[in-house]
Amino acid sequence: MHPAIQEETLRAMLEAGAVRDVLVSRQDDKWTWAIRLGRAGSRWLPVHSRREALRTWASLTAVGQFAESSWIRGALIEDRST
């Protein structure tokens, strides 16, 4: 299993200011999150939930709502569906 970060842990790290970068990716018809904690070139850690190995959102609007509730101020957005 690849390293990942649980959604609740992500929120705590965001509050503490430990997250350097946030990446939102579209894969087919779903959106996912990944974070980077260290310097540029560090590994991206995907976000998972208690039930899902990879946490997904159905729309970019839902991603935005999650970002607002998690105090995320900015993110890189990547669309892999094209």
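Just so you know, all these numbers are worked out from the coordinates, no wet-lab data involved. Treat the numbers as computed from the prediction; the structure is a model and nothing was measured. So basically every Cβ, Gly included, is an ideal-geometry build from the backbone, and we count neighbours across all protein chains shown.
Figures for the structure shown
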{"item": "Computed label-point distance, nm, for sites Lys30 and Thr61 using a 7 Å Cα→Cβ extension", "result": "2.1"}
{"item": "Using alpha-carbon coordinates, inclination of helix 60-69 to the longest axis of the chain, degrees", "result": "20"}
{"item": "Amide H contacts under 5 Å for Arg55, placed H, 5+ residues apart", "result": "Val47, His48, Ser49"}
{"item": "Cα-Cα separations in segment 5-79 greater than 17 Å, expressed as whole percent", "result": "38"}
{"item": "In order through segment 9-15: 3J(HN,Hα) via Karplus (6.51 cos²θ - 1.76 cosθ + 1.60), integer Hz, x for Gly, Pro", "result": "5, 4, 4, 5, 5, 5, 4"}
{"item": "Point-to-point label distance, Asp21-Arg39, nm (Cα→Cβ direction, 7 Å offset)", "result": "1.4"}
{"item": "Electrostatic dipole magnitude of the chain [Cβ: Lys, Arg +1; Asp, Glu -1; Cα centre; debye, to 20]", "result": "240"}
